[in-house]
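J.: Structure provided below as structure tokens; questions to follow.
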Amino acid sequence: MQIKILAVSGSLRENSSTQHILNNLKLLAPNDVEIIVYAGLAELPHFNDAADQPAAVLAWRKQLAEAKAVVICTPEYAFGVPGSLKNALDWTVSSGDFGNKPVAVITAATVGDKAHASLLLTLSALSAKLSDETNVLIPFVRSKITAEGNIKDAETIRALQAAIHALIKSAATL
Ligand SMILES: Cc1cc2nc3c(=O)[nH]c(=O)nc-3n(C[C@H](O)[C@H](O)[C@H](O)COP(=O)(O)O)c2cc1C
């Protein structure tokens, strides 16, 4: 049976490094893993705590519910998590969608340590299942990806491979 993993990019930029990393992850994952890239981040309305949730939010939450695990790959903007990604996470706070869900956090930026720590803190507030083995910080990311979007840094490939395998292992124990 295929294990479904939902992949979320924190960058809305076309041809973004984070999108390239998620595409590379698809190639690094075992055959019985299906990585589905979430495409709705730009369409999510700004969070508000109203009782009725818009259709785009319900679709986001449905994709989360159908996934055995989640991979988030994000840049850092102004020492923090991109607002559009934080917004998507805020929509799940009261529903518990991330509760005990294995989540791998990959931060790919120039430095990225602050967004990485901040995202882990937010996900811990959402009770996601986190592990050091599934987290990867990729500094100087632009120097590690070719113009065609392939990762050219062996250590980054090794770290991503280890993280995806740890994530699958974590999902299998549920
Ligand atoms: C508005 C803006 C703010 C940024 N702020 C930071 C920052 O605070 N720390 C950092 O490490 N990189 C920062 N960067 C660099 C990005 O993290 C880096 O370019 C990353 O590769 C962008 O991801 P993407 O290619 O997936 O869009 C910033 C980039 C932009 C456009």
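J.: For the range 22-47 and the range 86-146, what is the separation of their Cα centres, given in Å?
T.: Here the answer is 14 Å between Cα centres.
J.: Run the reach check for residue 68 against aspartates and glutamates, Cα to Cα strictly under 19 Å, same-chain hits fewer than 8 apart removed. What comes back?
T.: 32, 34, 97, 132, 133
J.: Where the accessible area of the range 3-172 is counted over protein heavy atoms with a 1.4 Å probe, how much of it, in %, is carbon and sulfur?
T.: Ligands and nucleic acids excluded, carbon and sulfur reach 55 percent.
J.: Taking only protein heavy atoms into account and a 1.4 Å probe, give the accessible area per residue of the chain in Å².
T.: 50
J.: Further question: How much net charge surrounds residue 2 when only the other residues with a Cβ under 15 Å from the Cβ of residue 2 are counted, with Lys and Arg +1 and Asp and Glu -1?
T.: Details: positive: 4, 26, 68; negative: 32, 34, 66.
It works out to a net charge of 0.
J.: In the chain, which whole DSSP H runs stretch at least 15 Å along their own axis (Cα) and average 0.5 or higher on the Kyte-Doolittle scale? Mind dumping the intermediate values first?
T.: Working: long enough: 17-28 (16 Å, 0.05); 55-66 (16 Å, 0.22); 113-125 (18 Å, 0.59); 154-172 (27 Å, 0.72).
TM-like helix candidates: 113-125, 154-172.
J.: Additional query: When DSSP assigns beta bridges and you keep just the ones with both residues in the range 3-172, what percent turn out antiparallel, to the nearest 5? Display every interim value, and only then the final one.
T.: Details: 2 of 22 bridges.
Here the antiparallel bridges make up roughly 10 percent for the range 3-172.
J.: Then there's this: For residue 42 and residue 100 in one chain, what is 0.36 nm times their gap in residues minus the Cα-Cα distance, to one decimal in nm?
T.: 18.3 nm
J.: Over all Cα pairs of the range 3-172, how is the pair count split among 10 Å bins, expressed in % and running from 0 up to the last occupied bin?
T.: 10, 42, 37, 9, 1
J.: Then there is this: Can you compute the FRET efficiency between residue 79 and residue 14 using 1/(1 + (r/R0)^6), with r the Cβ-Cβ distance and R0 = 22 Å? Round to the nearest 0.05.
T.: After rounding, the FRET efficiency stands at 0.35.
The values are calculated or read from the model by the stated rules, or taken from the named source; none is laboratory data. If you're wondering where the values come from, they're calculated on a predicted model, not measured in any experiment. For neighbour counting, all protein chains shown are included, and Cβ atoms are generated from backbone atoms with ideal geometry for every residue, glycine included. Protein only, heavy atoms only, side chains kept; ligands, DNA and RNA dropped before computing areas. Shrake-Rupley method; radii C 1.70, N 1.55, O 1.52, S 1.80 Å.
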